[in-house]
Each structure stands twice: as structure tokens, then as C-alpha cells.
Amino acid sequence: MNMRTQKAALIHALRALIPAADISLLHARPWHSLTFSGTQIGLSVQMQDGAWHGDVEALSQLLAEHEFDLPRQIVADIAVTGAVTGAVTGPLTPAVMAKGTQCLIIDALLLDG
């Protein structure tokens, strides 16, 4: 499975979990260890204030416990690695926040299955 399909499958699964979110790709790069190969993916997840009620811990728990069903992929690791709330006028990593949004950064490691 190519990286483009991997990214699309993960974004689709996350949109089902967080329907109020605007999810965009920050980066995707190949990842390899001695025994596994896959893709590291970074995502920007933006929500209007109150859409997730600021409960980043609950989202982190949901991601940690969720069994993702992605074709030919295993979600080895997924976590909220950053959160910013409020108006930001400059870049936040590669994502730019609109006024009144909450931006979460989600990083994932997908292994070829």
C-alpha cells in the first residue's frame, strides 16, 4: 500500500471519530526498523472552540484505546502530541489556525501489515 492510500485511510478513520474536526496532513515519511516498515504521519486537527470542549485528555484516551481497522496497516502508535487554543496569526508548525479554533497535532506510526 502506498503512502497516499495510508494517509487517506487514517484521515478517513479519524474523521469518523472526530466529525467536527478539519483534519489536514502535516507530514508523511517512510519509517523502518530492523523488523518492520511503515509510515510516520503528522496531522493537524482543527476544531472550533468548544467542539471538543477542550478535553484533549479524553481524545488522547480515545485514540489510545481505539481499534483502527485500516486495510493492510497496523496503527502501532497514535497520540495527541500538541495542542494550541486561540487566535494564532503566524504558522503553527505547517498548520495555520483560524481565529477561535483549537488545533491539535496528532502523530501516528502505521506499520505495513
Check: Would segment 11-22 turn up any residue that is touching a strand residue (DSSP E or B) at 6+ places or on another chain (Cβ under 8 Å), acidic (Asp, Glu), in a loop (DSSP other than H, G, I, E, B) and at pLDDT below 90?
Finding: no
Item checked: Test: residue in segment 75-87 that is at pLDDT below 70 and either among the hydroxyl-bearing types (Ser, Thr, Tyr) or surrounded by 13 or more Cβ atoms within 10 Å (Cβ to Cβ) (or both) -> yes
Note to self: Can you confirm whether residue 40 is modelled with pLDDT of 80 or more and surrounded by 15 or more Cβ atoms within 10 Å (Cβ to Cβ)?
What the structure shows: no
Next item on the list: For segment 88-113, name all the residues that are more than 14 Å from residue 21 (Cα to Cα), modelled with pLDDT of 60 or more and assigned to a strand (DSSP E or B).
Entry: 107, 108, 109, 110, 111, 112
Notebook entry, point to check: Give me the pairs: first residue in segment 23-37 and surrounded by 10 or more Cβ atoms within 10 Å (Cβ to Cβ), second residue of a type in the set (Asp, Glu), beta-carbon distance under 6 Å, and six or more apart or on different chains, which are they?
Noted result: 37/112
Next item on the list: With the condition kept exactly as written, say whether any residue in segment 53-70 is in contact with a strand residue (DSSP E or B) (Cβ under 8 Å, 6 or more places away or on another chain), surrounded by fewer than 18 Cβ atoms within 10 Å (Cβ to Cβ) and modelled with pLDDT under 60.
Entry: yes
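The values are calculated or read from the model by the stated rules, or taken from the named source; none is laboratory data. Values in this document were obtained by computation on a predicted structure and should not be read as measured data. Glycine also receives a Cβ, built like all others from the backbone with ideal geometry; neighbour counts cover every protein chain displayed.
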